[in-house]
Amino acid sequence: MATDRTQPLGSAQPEEPGQKAPASRAFPRAYPLLFLVLLVLAALLRFYHLDASSLWSDEGNSWAMLGRSFGDIAAAAAADIHPPGYYWLLKLWSLLFGASATAMRALSALLGVLMVIVVTRIGRHIAPNPAAQMWLPLLAGLLAAANPFLVYYSQEARMYILLALEAAILFWSLLTMCGLGRRHNVAQAVFVAAGIAGLWTHYSFPILLAAAGTAYLGRWLAAFRGSESQPLPTLRRFVLLNAAILLGFLPWLPTAVDRVLHWPKGGVTLGLVGGLEVTLRTLLFGPLRQPPAPLWPWLLVAGLLPVIGLWALRRRWAALALGLWLLAPIALMTALGLYSDAFLKFLLSAVPAWSLLVAAAPLILPANLPVRASGVVVVAFFGGILAWSALPAYYGDPTARDNYRGIAAYLAARGDPVTDLVVLDAPGQQEVWRYYDPNLPFVALPDQRPAAAAATQAALAAATAGKQRVYALFWATDEADPEQLVETWLNLNGYKALDTWQGNLRFAEYRLPAGDLSCADLDVPRLAGSVGLVALCQPQPVQQVAAGDVALVRLLWTAGAPLDRRYKVTLQLLDSRGQVVAQHDGEPGGGSQPTDSWQPGVIVADNHGLFVPPGTPPGRYRLVAAVYDPESGQRLHHDQGDLLELGTLAVTRPSMLLPLDLIPMAQRPAARLGPVTLVGYDLHKKGYAHAPDTPLAPGDQVHVTLYWQAPDPLPDNWPADLHFFLRLGSEELAAPLAGGAYPTGTWAEGELVRAEFDLPFRGTATRPVLQVDNDMLELAPIPR
């Protein structure tokens, strides 16, 4: 007989048949030590690399609140979508520990550890017998401690981990005062405090109060029918407890109702299967962008284990409470159609319930000690593998959050406060940008909702007058700039050089010409018999551009007949071996002049800013263009091929080297090979730099970009032309470090030199080996 399924609620039970009493009696002595180890683990995972990623815009808002008084915080929150409770708590915390990113996030890390403690306490309440009370709380705590979703928000200066903690305290107090613990009067006071605090923290908390109320009604009905004998508050008293919660929130209630009813709606509605997939993925990995592949086994286990835990607890009222707790945030997401990246964090308050139900899953196994212990080990192993598979990539990813810090550091090293301007699209980025302030002037546009086109364009024209570079940060533009007024104006008036995602933040760099460009007619064949390139415009007939700077190129196109597709233009810089050293792709006019809108015979101006990567060797390069279909990748051809020859461009040595950590590189070994240092490298399928994880098949070309740095100072025996060897199975490449056009004897001390190479992939060996002199380095595996 499985006694844990038949005893009255909350009652202690004897040892289960088959259990070994000595082990059961010995385990309590180890429990405090194991609990301490659990807390240390939770703290390490939350405080480790606390400032590894940048503050993002919402955290910048948290930081801005700290400079206000408590009354001003409330006034600012009244115009926002969050009540002021978290900001008040953070303000008190900052008075003790400061307002740095690390200090602000430390509060969340501490709250995350406290939540693990509360989860273990709930685990003791729901354990059906003394034996289970020894392992179930620790297992639940381990799952909560190692959960990447919880770890992520325990390292963010926002209110969501506080919300999850308040949800856990609410249900701990509910379980306690309804018979699964002692000190019922204390639990009732805690229930009221947690309810009030939760309402002052986030407007989604009422759904958790509703779940707790429904769970209580289930418990009350069971007691009313006489099937339960454990003490619980009377229905009247429970109503009074909830009335006290409402009374504690009453001063803010009118503001809350107004904010919820009038805030712009967002989110996505998903079907059952899609919603379930997103929910399970979020409960496991949260917003982490690199979950393990394949994903479906993780989702299957994440969905089955809590169901098994519910079944194992089915005769206990705790199953109803935990099930409602888990489902309440999911129901909110589904009912309001909130399945988008901005709202998935609302699921965080369900993770403690998920952890507890998963921890209860081994109860389904026979009570025999080895069998059940095996189940506990399997579930614990699942929690450990979950953390191991996701957290290292998170800790090491500077774009795990929107990388304002990295962009600000780049601009601090590169920007000029006289000639450069930062444009923030949308204004909600101002606070976090002020936190990292790279000492460049900035303007936040559009400055009103809905955006006024004429006013926005006039503001951009005034702000960019006399500027040479514009750095644009595009964030949440669907809400702030749905008509893309800022980007369209910049595309028409500037030359886009960079366009890169830094988390959910897009960073673009534009060059503005100092004067009129000089145009030269071109005599090149028409593409597909229709598309003609009639002129090339540049600052000089042969541009000279320093590595790390931008070349300005305007192409003048025409079409002999209407086009039925939206083609893209690629502008490329090729070295003497035909390797692409710089490239800029985009629709004509930055998307404002799509090819399917061209009128026959009409000249279309197409501006390109061609960013020459840092480390590009000095010399002359071929400038070419091509037109292609972005869906198929097929290029338009002429009689002699698909490239249009535009002349040459001269690359010069830069006067100042950017900090190496600001130069994009996939791998950064910083390995000394012979007399030089391999600072970093990129490794991907040729033609797939935009998707470096694309698998290679036998016969494909592996493209390798190597970043070398000369020693400083150069030694007396510095070689005139140093070579390297690159091996991949039976394939071997021997070449000068920079490909021959820039021998090492011409390098400057400390100079960064970038070089491009291809190597055939035969499908056998997957890790290239790089050798210089007698030093060798095994590179990262090839994507397969």
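Figure the gain on full extension for Val377 and Leu235 (residue separation times 0.36 nm, minus the Cα-Cα span) and round it to one decimal in nm. Spell out each step's value before the answer.
Details: separation 142, 0.36 × 142 = 51.12 nm, distance 4.12 nm.
Between Val377 and Leu235, full extension yields an extra 47.0 nm.
Whole-Hz Karplus ³J(HN,Hα) for the stretch 33-45, in order, using 6.51 cos²θ - 1.76 cosθ + 1.60 and θ = phi - 60°, x for Gly and Pro?
Whole-Hz 3J(HN,Hα) from phi for the stretch 33-45: 5, 5, 5, 5, 4, 4, 5, 4, 4, 4, 5, 4, 5.
Let me spell out the model: positive unit charges on the Cβ of Lys and Arg, negative unit charges on the Cβ of Asp and Glu, origin at the Cα centre of the stretch 555-635. What dipole size does that give, in debye rounded to 20?
On the way: 7 positive and 8 negative charges, 69 e Å.
So the dipole magnitude of the stretch 555-635 works out to roughly 340 debye.
Once you've got the Cα coordinates, tell me which of Lys467/Lys568; Lys568/Lys685; Lys345/Lys568 are over 31 Å apart. Don't jump to the answer; show the numbers that get you there.
Values: Lys467/Lys568 28 Å; Lys568/Lys685 21 Å; Lys345/Lys568 37 Å.
Lys345/Lys568, as the Cα separations exceed 31 Å there.
Provide the descending list of Cα extents for the stretch 485-640 along its principal axes, expressed in whole angstroms.
Per principal axis, max minus min of the Cα coordinates gives 41, 38, 34 Å.
Calculate for the chain the 222 nm mean residue ellipticity that helices alone would give, adding -39,500 (n - 2.57) per DSSP H run of length 4 or more and normalising by residue count, nearest 500 deg cm²/dmol. Spell out each step's value before the answer.
On the way: 22 runs with 314 residues, N = 784.
So the calculated ellipticity at 222 nm is -13000 deg cm²/dmol.
Given the protein chains as shown and a 1.4 Å probe, how many square angstrom of Leu272 are accessible, to the nearest 10?
We get 150 Å² for Leu272.
Just to confirm, what accessible area per residue do you get for the chain at 1.4 Å probe, in whole Å²? Present the calculation step by step, with values, prior to reporting the outcome.
On the way: 33060 Å² over 784 residues.
Roughly 42 Å² per residue, with all protein chains present.
What spacing in nm lies between the two simple spin-label points modelled at Arg566 and Asp639, each 7 Å away from Cα in the Cβ direction?
With each label point 7 Å from Cα toward Cβ, the separation is 3.4 nm.
For the chain, find the longest principal axis of its Cα atoms and tell me its angle to the long axis of helix 253-262, 0 to 90°, nearest 10.
The two axes meet at around 40 degrees.
Calculate what fraction, in whole %, of the accessible area of the chain sits on carbon and sulfur atoms when a 1.4 Å probe is rolled over the protein chains.
Numbers: 19650 of 33060 Å².
Exposed carbon and sulfur together represent 59 percent of the surface.
Among Gly750, Ala666, Leu737, which residue has its Cα furthest toward the positive end of the charge dipole of the stretch 647-763, with +1 on Lys/Arg Cβ and -1 on Asp/Glu Cβ?
Ala666
Principal axis extents for the stretch 493-547, Cα atoms only, whole Å, descending order, please.
42, 30, 23
Asp397 to Leu498: FRET efficiency via 1/(1 + (r/R0)^6), r the Cβ-Cβ distance, R0 22 Å, to the nearest 0.05? Kindly include the intermediate steps, with their values, before the conclusion.
Working: r = 20 Å, r/R0 = 0.90.
Computed FRET efficiency for Asp397 and Leu498: 0.65.
Which residues does the label zone of Ser632 cover in the stretch 528-544, counting backbone N under 20 Å from a point 7 Å along Cα→Cβ?
Hits in the stretch 528-544 for Ser632 at 20 Å: 528-532.
Would you calculate the separation in nanometres between label points at Asn439 and Ala342, each defined as 7 Å from the Cα along the Cα-to-beta-carbon direction?
About 3.6 nm separates the two model spin labels.
Which residue, chosen from Gln593, Ala426, Ala626, occupies the Cα position most advanced towards the positive end of the dipole of the chain, where the dipole is computed from +1 (Lys, Arg) and -1 (Asp, Glu) charges on Cβ about the Cα centre?
Farthest along the dipole direction, towards plus: Ala426.
Please compute the length gained on full extension between Leu36 and Asp258, using 0.36 nm multiplied by the number of residues separating them and subtracting their Cα-Cα distance.
On the way: separation 222, 0.36 × 222 = 79.92 nm, distance 4.52 nm.
Here the segment from Leu36 to Asp258 would lengthen by 75.4 nm.
Go ahead and run the numbers for FRET between Arg767 and Val307, Cβ-Cβ distance against an R0 of 41 Å, rounding to 0.05. Could you put the intermediate results ahead of the total?
On the way: r = 42 Å, r/R0 = 1.02.
Plugging the Cβ-Cβ distance into 1/(1 + (r/R0)^6) gives 0.50.
Which far-off residues, 5 or more places away or on another chain, put their amide H under 5 Å from the one on Ala582, with H placed in the peptide plane?
Leu573
What FRET efficiency comes out for the pair Val542/Glu749, r = Cβ-Cβ distance, R0 = 45 Å, nearest 0.05? Don't skip to the answer; put the middle values down first.
Values: r = 29 Å, r/R0 = 0.64.
Computed FRET efficiency for Val542 and Glu749: 0.95.
Extension gain Phe224-Ala465, at 0.36 nm per residue separation less the Cα-Cα distance, in nm? Could the numbers behind the result be given before it?
Details: separation 241, 0.36 × 241 = 86.76 nm, distance 7.70 nm.
Full-extension gain reported as 79.1 nm.
To the nearest 10 degrees, how steep is helix 404-414 against the longest Cα principal axis of the chain, on a 0 to 90 scale?
30
If a cysteine in the chain has no other Cys Cβ under 4.7 Å from its own Cβ, put it on the list, ordered by number.
Singleton cysteines: Cys178.
Under a crude label model (7 Å from the Cα following the beta-carbon direction), how far is Asp447 from Leu714 in nanometres?
My value for the distance between the label points is 5.3 nm.
So, in Å, what gap is there between the alpha-carbon centers of the stretch 78-155 and the stretch 562-597?
50
Mean separation of Cα pairs under 8 Å and 6+ residues apart, divided by the residue count of the stretch 341-488: what relative contact order is that in percent? Each step should come with its number before you reach the end.
On the way: 131 pairs, mean separation 30.8, N = 148.
The value is 21 percent.
Using the alpha carbon gyration tensor of the stretch 91-207, what are the three equivalent-ellipsoid semi-axes (square root of 5 times each eigenvalue), largest first, in whole Å? Show your work: numbers first, answer last.
Values: eigenvalues 141, 66, 26 Å².
Square roots of five times the eigenvalues give 27, 18, 11 Å.
Projected onto the charge dipole of the chain (+1 at Lys/Arg Cβ, -1 at Asp/Glu Cβ, origin at the Cα centre), which of Pro294, His184, Val378 gives the Cα projection farthest towards the positive end?
His184
The values are calculated or read from the model by the stated rules, or taken from the named source; none is laboratory data. If you're wondering where the values come from, they're calculated on a predicted model, not measured in any experiment. All Cβ positions, even for glycine, are placed from backbone atoms using ideal geometry, and neighbour counts span all protein chains on display. SASA here: full protein model, heavy atoms, side chains in, ligands and nucleic acids out. Shrake-Rupley method; radii C 1.70, N 1.55, O 1.52, S 1.80 Å.
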